[in-house]
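Taking it in order: structure first as structure tokens, then the write-up.
Nothing in this text is a laboratory measurement; each read-out follows from the coordinates by a stated rule. Quick caveat: nothing in here was measured; it's all calculated off a predicted structure. Every residue, glycine among them, receives a Cβ derived from its backbone with ideal geometry; neighbour counts consider all protein chains shown.
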Amino acid sequence: MHYYPSDLAYALRHRWPAATDAALPAPPALTQLISVAYQASLLSEEARPVVGQLVFAPAALLEGHAANQAGQHVLLFSPPRPYTEQELRRLTATVQQPGNLLAVDEDADGHLRIWGLLATHHAWDQARDALWTARESPPAVLLLRVVGPGSLVFYDGPTRVLTLQQGRVDGHGFVQFPVAWGRGRFAEALDYAHQEVQRAHPAAGPVPDELIVQLSQHFQRRIIARVRASGHGGLLAFIPATNVAERVGPLGVLRPKYGMASAGAGPRYRQLLLAIVGRLSELGEVNWAHYQQSADATLRALEAELGQFADLLADLMAVDGALLLTKHMEVVGFGVEVHAPHIVTNEVYRAQDLEASAVQAEAADQGGTRHRAAYRLCLADPDSLVVVVSQDGGVKFVHQHAGKVIFWDQL
């Protein structure tokens, strides 16, 4: 089903969280907001695609919010500009940084206008487990990202509500990892993490699986979000930490142009994981909820270091080829070629839900070079997992199950 602006406005109102403090505009204004953004997404400005962020809220609300936040401020246009496709085409050049948003509201006559800009140092396209503090939270209003031709993402504050991808509603984007993609495939990493934590912090006692799993996924989401924001795309591959030498090298399926040697201090992710668990143990609560909510300066500094490491890995993905990690989050190499000329696949399968309880066959050649490399790797090494980020911001999670390459296509 292809959606038109009025249909999309209805779908958004239907999916809008009942418990939210954010109010949607009236149906006519919401339809116009969507229609103009959609039409603008099909244009270009000096060969640059129209991409950027919008926030629907009056100036008084955002000025009041920004006054109580760290690193946020409002710029007011004088006079406001009309909310049209051409104005949006020109002004999206000012919100290329993911933390900045054009501000839109209705005037006294009910016409939409662009009245200014909310400038921040945050990327609003965060996963549901993003670590917001009271002094850096996004406003509880409707946010809209234009991410490519015919592709819009709608948020209630930081939470994705609905995604329109090339005229079709795809749901909630990758707020959570596809359940079936990684089920049972990170078990060795979980065991390894428990062993390392117990060795380094025996007094911490049993560490909940949830903390280790959520921290790993939070780290992976940060990498993906940074690559999406950069616009360069990339390929992220995970392999088991065992038998790396058999998989990687001049004669292996995976051939890094830039390989990594073991550092004396040990893998960086392991260092940060142990430091985080150690600090949580000192604070008396070793769990994911406390890590998310704590204002402890040491924990927040460790979170910043984790983010910096994720950003570094995202930058490595700008080099042609894959970034290769073990499932322990150890860096094996980047600029990695997937060499599997003997692997031929004509058909792959699109998952219809997070569990892949239903799949739909598609021709393998519909994707680009990165996608085909991901398919070949999953066929050549069934224990591998791959994330493909397209230049337009689309994301595919890929794995093999029972001889079939299955992917989750998300925006």
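Values as computed for the structure displayed
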| read-out | value |
| --- | --- |
| Gained length - LEU190 relative to SER35, 0.36 nm times residue gap less alpha-carbon distance | 51.2 nm |
| At R0 = 41 Å, FRET efficiency that the Cβ-Cβ distance of LEU251 and ALA304 yields, to 0.05 | 0.50 |
| Stretchable slack from ARG199 to GLU337, in nm (0.36 nm times residue separation minus alpha-carbon distance) | 46.1 nm |
| Equivalent ellipsoid semi-axes, the range 1-74, via Cα gyration tensor eigenvalues times 5, rooted, Å | 25, 21, 10 |
| Distance in nm between pseudo-label sites at ALA67 and THR242 (7 Å out along the Cβ direction from Cα) | 6.1 nm |
| Cross-link partners of LYS327 among lysines (Cα-Cα below 21 Å; sequence separation of 8 or more within a chain) | LYS257, LYS396 |
| Mean-position separation - Cα centroids, the range 14-89 and the range 338-370, in angstrom | 36 Å |
| 10 Å binning of all Cα-Cα separations within the chain, expressed as whole percents from 0 upward | 4, 21, 29, 25, 15, 5, 0 |
| Potential lengthening between GLN86 and GLU282 on full extension [0.36 nm per residue; Cα-Cα distance subtracted] | 65.0 nm |
| Positive-end extreme of charge dipole, the chain - chosen from ALA358, GLY333, ALA187 (charges on Cβ) | GLY333 |
| Selection from ALA203, VAL386, GLN86, by position along the positive dipole direction of the chain (Cβ) | VAL386 |
| Dipole-positive endmost among PRO256, LEU306, VAL286 within the chain (Cβ charges, Cα centre) | PRO256 |
